[in-house]
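Data first, discussion second: the structure below is written as structure tokens.
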């Protein structure tokens, strides 16, 4: 099933027209950086037009877009708008959370050993505050609640992991991880940058305490914008460590007093990334129009096709393929082609994938076509010599 069959045979062509990169190259590397749509590009242009032509009324024009974007981001991930803050990127959001906890000497944080650096280095940086970083061993590239149970103890303050692991696409069972973490009084921090926009998530239902998302990958949003969604517990426990004039109630009173609002805007200290928020608002509108469920269905269908094709030609699929563990990332290996040189040669042919941890990594999105999957496989088979 393509995920498009219910809306007619021209739907894919219509969808691809909204992503101009598809006119130029076969782009299957959304786990690295996603291209923006024409709609997002136009939304960014609308903001710059306001800035250039209507600057005297810009604030009034921006405010409803900011509000609608915050509410839409909350809907997308099952959070409350009052607990959503705009951030620059994942590293920024994770650092706000890491630096904002009331750490005590002897506390520890548990992070998977292969975690992406955005959700690793900020916790490692707490060593000079007496906080131990415990590296959780992966089992066949997977984070398991059983493994977490063996590593966690009463001094664990935070368990931090990616919803989807960047190198092999493993999607964690967040509900099971949250149960173990909360049983020991720990908060669960999730990097959602490799999942949000491609995978449905409901942070309240899953009991995630903080979801941190950068918009430039699977969300197909602008660079330099993202958001974090906090539980009430995380909100209450996190001290504001980056204060600015917009961190307070009624900033235009210029009171020079720390008077923090009762919502997550307290974590937004200064001038907003207006263009980024305009683009993000548009992108979430596009996701809602197509629905995140159909986006996931489409992506998994393309990955099914890719996995079946490469396996027929002797490749080893290294990504989990069981229901509930899959994502938009497909990692696969063949000794003759699993190297950076193959990725470079594919790029010369206009086919873009990645290389991570000794394997090729493809990450198609919902606007990609079945023909593009076959083009990739044909190019790989030519390289491997296994027809």
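No lab work stands behind these numbers, since they all come straight from the coordinates. Fair warning: this is a prediction, and the values are worked out from it, not measured in the lab. No Cβ is skipped: glycine too gets one built from the backbone with ideal geometry, and neighbour counts run over all protein chains shown.
Is the shape of region 147-290 best called rounded, prolate or oblate, per the rule: a/c under 1.5 gives rounded, else a/b larger than b/c gives prolate, else oblate, with a ≥ b ≥ c the square roots of the Cα gyration tensor eigenvalues?
In terms of gyration-tensor shape, oblate.
Hey, if you drop one equal point scatterer on each alpha-carbon of the chain and run the Debye formula without solvent, what base-10 log of I(q)/I(0) do you get at q = 0.08, 0.13 Å⁻¹?
-0.43, -1.09
Using a Gaussian network model of the chain whose springs link C-alpha atoms within less than 10 Å, name the residue from 50, 177, 299 with the highest mean-square fluctuation.
Greatest mean-square fluctuation among the candidates belongs to 50.
Who wins for biggest fluctuation among 84, 180, 189 in a Gaussian network model of the chain, springs between alpha carbons below 10 Å?
180
Just to be sure I understand: if I project the alpha-carbon convex hull of region 229-278 onto a plane and average over all orientations, what area do I get in nm²?
4.0 nm²
So for region 291-387, averaging the separation of alpha carbon pairs under 8 Å that are six or more residues apart and normalising by length, what relative contact order in percent results?
Averaging sequence separation for qualifying contacts and normalising by length gives 32 percent for region 291-387.
If you find the alpha carbon centre of region 237-315 and of region 20-91, how far apart are they in angstrom?
The distance from the Cα centre of region 237-315 to that of region 20-91 comes to 9 Å.
For the residues 103, 123, 245, what sequence is obtained by ranking on other C-beta atoms within 10 Å, fewest first?
Exposure proxy ranking, most exposed first: 245, 103, 123.
With both bridge residues required to lie in the chain, what share of the DSSP beta bridges run antiparallel, to the nearest 5%?
Taking every DSSP beta bridge with both residues in the chain, the antiparallel ones total about 50 percent.
Determine the relative contact order of region 43-288: mean sequence separation of Cα pairs under 8 Å and six or more apart, normalised by residue count, in whole percent.
Relative CO of region 43-288 lands at 26 percent.
Based on the inverse mean of 1/r over its pairs of different Cα atoms, what is the Kirkwood hydrodynamic radius of region 1-150, in Å?
20.1 Å
Bin all alpha-carbon pair distances of region 42-109 at 10 Å intervals from 0 and give each bin's fraction as a whole percent.
So the P(r) values, bin by bin, are 16, 31, 30, 15, 7, 1.
Rounded, prolate or oblate for region 289-387? Axes are the square roots of the Cα gyration tensor eigenvalues, ordered a ≥ b ≥ c, and the cut-off for rounded is a/c under 1.5.
Here region 289-387 falls in the prolate category.
Sort 321, 114 so the one with the fewest other Cβ atoms within 10 Å of its own Cβ comes first.
By the 10 Å Cβ count, ascending: 321, 114.
Could you tell me which of rounded, prolate or oblate describes region 319-361, using a ≥ b ≥ c as the square roots of the eigenvalues of the alpha-carbon gyration tensor, with rounded for a/c under 1.5 and, failing that, prolate when a/b is larger than b/c and oblate otherwise?
In terms of gyration-tensor shape, prolate.
Can you sort 90, 241, 57 by how many other beta carbons sit within 10 Å, fewest first?
Listing 90, 241, 57 from fewest to most nearby Cβ atoms yields 57, 241, 90.
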